[in-house]
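What follows is calculated from the coordinates using simple rules that are stated; it is not laboratory data. Computed from a predicted model, the values in this text were never measured in an experiment. With ideal geometry, Cβ positions are generated from the backbone for all residues, glycine too; neighbour counts draw on all protein chains shown.
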């Protein structure tokens with residue numbers, strides 16, 4: 001028993017990076033530094049360094065923001081929804097999902113600041129905030145979601161921090177930090193009671209807030225009159241899409257961590273199989289919402305909508321649109337319905353396609369609408385009729401994506417990727433009295 | 001001399017009466033005033049001026065108490081607007097031949113240095129079979145402004161006199177108002193506007209948009225409250241050689257064109273089948289259009305001025 005427990009802690013305790021980990025960190029840092037440089041240029045010269053202009057007034061910053069919000073939603077799915085439905089197979093994935101959610105929501109908040117023309121006046125949002133504006137709703141729900149996600153990441157970590165504090169006894173500084181973070185967790189009955197009831201409460205709380213962040217993000221577009229955004233379907237459509245994007249993001253992180261840290265004992269083929277099944281279901285739900293979103297306006301084909309839809313189906317955005325729909329949704333569904341397709345490697349590849357498709361899908365949602373205003377585009381340089389992101393914009397966007405990955409990487413470095421305490425309890429591995437007494 | 005003075009006063013009185021009754025006591029022609037009343041005929045006796053107040057009663061006030069509104073602004077609150085006014089504009093499409101004088105005057109007086117003018121003359125054709133026409137389009141100053149609704153920081157606001165303005169000192173540059181506006185009238189300062197000393201050294205106030213403009217904030221047509229305050233018409237109205245624009249007050253039911261002719265607004269809209277842009281959206285614009293029926297100008301005439309890719313002329317060498 002004792003050895004099984006030690007083995008478990010040894011397997012799951014955070015480890016120092018090898019050369020691969022360090023190289024990865026350096027790679028991310030280089031991208032981030034390049035992005036920071038571009039952002040400084042943007043601050044100096046204005047948003048003119050981007051490809052955005054008066055007609056294409058939002059660009060990849062906003063679509064990237066929507067992508068981050070979408071990915072962050074998964075924390076609530078994997079942790080809260082499955083936790084509340086008393087499912088246990090997902091225990092090894094909960095922390096990964098929470099880490100991904102926290103990283104994504106932090107970057108969503110930062111990305112929206114990058115898009116602002118006057119980030120120096122950000123505090124006006126609080127000093128002069130108007131509750132009538134969907135942007136204020138977004139500020140409120142995103143910050144609320146960030147706080148709840150952080151708590152939902154932190155609370156289940158308390159027993160693990162205590163375990164790690166014992167495990168790293170040789171490294172006094174690390175041990176002390178883990179000890180402090182564990183908030184004197186000793187595992188008494190009272191502590192356990194508070195622990196499980198607060199996690200239960202957070203799990204319930206996070207679901208409406210998670211729905212709110214993405215519904216409000218959908219409303220940012222839906223509150224305008226523009227064809228392509230003027231839809232009553234947008235809230236649920238965005239949420240369905242968010243679950244797809246987030247789940248595949250978790251699958252990717254799960255696969256990579258499983259390989260890098262050789263966690264095959266904990267993250268098994270069965271987990272991949274289950275996640276694959278969930279992804280199929282979510283993709284089908286999302287396809288259903290897509291059908292609603294595009295079929296009905298096409299059927300009616302009002303003047304303005306028709307122009308917009310034509311540009312998506314057969315016009316300049318057709319290639320992107322169909323690649324995102326077919327490559328990012330239809331093909332993944334076809335692959336994943338077969339058990340062979342849900343094996344780790346094919347699942348990983350399919351998830352990459354889904355995430356990529358999800359990113360470009362947001363581009364398709366945000367950008368084409370803006371090039372079809374109600375009045376004709378006249379009196380502005382021809383280049384203003386089309387939007388293509390500049391390299392500056394790309395480098396800043398890549399930096400935000402790299403930052404999200406950096407946050408994930410750093411959290412993985414210092415937190416047990418797989419909850420030790422929960423795994424031990426589920427596997428009935430009892431802590432040795434020696435360690436328990438400390 | 002006495003007679004002459006009397007006549008002077010009378011004409012001044014009628015000018016004030018005709019001019020926009022701002023409700024604040026307004027004197028006109030400061031320089032002229034000084035010339036007439038400044039003469040030391042009888043220095044002991046204080047000069048008085050007769051003025052008409054908002055409710056139409058005449059009153060005498062000492063000349064020294066009069067501020068010269070042509071030089072200094074009356075100190076009304078730019079966020080509240082002029083009391084008891086509701087400004088409207090009528091655009092007569094039958095008269096527009098794309099002379100673009102409204103645009104160049106607006107560009108010049110608001111020191112527009114970007115690529116996108118605040119007033120644009122669209123080449124429009126509603127259906128395949130209907131005749132094309134020119135449609136000058138500026139901010140519609142909606143009574144249910146979609147832009148104001150979505151602004152997160154109350155930077156763009158609606159005044160009681162119907163004018164929608166932007167406080168460029170508060171705007172955070174999120175561009176949500178631009179996405180919300182169905183008329184595409186809002187313009188963003190993507191980079192530093194470089195407007196030259198005159199604009200840049202002026203003290204900023206929201207009721208004179210563009211003086212100066214600020215990087216990273218939104219600009220648009222302001223309906224020229226700075227001109228209204230002086231008792232004058234907006235730049236585009238007075239610059240138009242064809243009297244396309246008429247500007248006035250909904251409560252007075254009167255609009256006046258650049259030549260000084262006044263019309264009864266309700267009759268004009270009824271007789272000429274006036275309409276507003278995208279009325280179905282419920283934005284309630286303050287700008288009315290008269291359809292291009294019984295045209296007095298040729299559409300083709302405007303084609304020589306038509307610049308599909310340009311709305312702001314830049315001085316050579318910049």
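Calculated from the alpha-carbon coordinates, the stretch A:30-132 shows an Rg and a Dmax of 17.8, 54 Å respectively. Residue order for A:413, A:118, fewest other beta carbons within 10 angstrom first, comes to A:413, A:118. Size descriptors for the protein assembly as shown (Cα atoms only): Rg and Dmax, in that order, 32.7, 119 Å.
Classify the stretch A:124-280 as rounded, prolate or oblate, taking a ≥ b ≥ c as the square roots of the eigenvalues of its Cα gyration tensor: rounded when a/c is under 1.5, otherwise prolate if a/b is larger than b/c and oblate if not. Because a/c hits 1.5 or more and a/b fails to exceed b/c, the stretch A:124-280 counts as oblate.
Shape call for the stretch A:324-405 from the C-alpha gyration tensor, a ≥ b ≥ c root eigenvalues: rounded (a/c under 1.5), prolate (a/b greater than b/c) or oblate? It would help to have the intermediate numbers written out before the result.
Details: a/c = 4.67, a/b = 1.94, b/c = 2.41.
Oblate, since a/c reaches 1.5 and b/c is not below a/b.
When you work out D = kT/(6 pi eta Rh) for the stretch B:168-318 at 37 °C and 0.692 mPa s, using the Kirkwood radius from C-alpha pairs as Rh and the Stokes-Einstein form, the result is 180 µm²/s. For chain A, what class follows from the C-alpha gyration tensor (a ≥ b ≥ c being the square roots of its eigenvalues): rounded when a/c is under 1.5, otherwise prolate if a/b is larger than b/c, else oblate? Cα axes put chain A in the prolate bin.
At 222 nm, what value in deg cm²/dmol follows for the protein assembly as shown if DSSP H runs of at least 4 each add -39500 (n - 2.57) and the sum is divided by all its residues, to the nearest 500? Intermediate values should be presented prior to the final figure.
Details: 28 runs with 368 residues, N = 756.
Computed ellipticity for the protein assembly as shown at 222 nm equals -15500 deg cm²/dmol.
The base-10 log of I(q)/I(0) for the stretch A:33-92, evaluated at q = 0.15, 0.17, 0.21 Å⁻¹, reads -0.64, -0.70, -0.87 [Debye formula, identical scatterers on Cα atoms, solvent excluded].
Which angle between 0 and 90 degrees, to the nearest 10, do you get for helix A:157-167 versus the longest principal axis of chain A when only C-alpha atoms count? The angle comes out near 50 degrees. What is the distance in Å between the Cα centres of the stretch B:142-199 and the stretch A:213-238? What the calculation gives is 22 Å, centre to centre. A simple packing score, the average count of other Cβ atoms within 10 Å per residue, orders the peptides B:135-147, A:189-201, A:237-249 as A:237-249, B:135-147, A:189-201, with the highest score first. Just to confirm my numbers, what's the Cα centroid distance between the stretch A:397-412 and the stretch A:280-304 in Å? First find each Cα centre; the distance between them is then 33 Å. Axis of helix A:172-181 versus longest Cα principal axis of chain A: the two differ by about 70°, to the nearest ten degrees. Counting only other chain Cβ atoms within 10 Å of each residue's Cβ, the peptide A:37-50 averages 3. Per-peptide packing, taken as the mean over residues of other Cβ atoms within 10 Å, places A:315-328, A:59-72, B:88-101 in the sequence A:59-72, B:88-101, A:315-328 from highest down.
Give me the percent relative contact order of chain A, please, defined on Cα pairs under 8 angstrom at least 6 residues apart. All intermediate terms of the calculation are to be shown ahead of the outcome.
Details: 564 pairs, mean separation 147.3, N = 438.
Answer for chain A is 34 percent.
What ranking do B:75-87, A:349-361, A:15-27, B:171-183 get when scored by the average of other Cβ atoms within 10 Å per residue, highest first?
Most protected by this proxy first, the peptides run B:171-183, A:349-361, B:75-87, A:15-27.
Per residue of peptide B:110-120, the mean number of Cβ atoms on other chains within 10 Å of the residue Cβ is 2. Working from Cα positions, state the angle (0 to 90°, nearest 10) between the long axis of helix A:60-72 and the longest principal axis of chain A. The angle comes out near 30 degrees. The DSSP beta bridges internal to the stretch B:87-303 are antiparallel in roughly 85% of cases. Pairwise Cα distances in the stretch B:96-193 exceed 21 Å for 43 percent of all pairs. Shielding value for B:303-312 is 3, the average number of Cβ atoms from other chains within 10 Å of each residue's Cβ.
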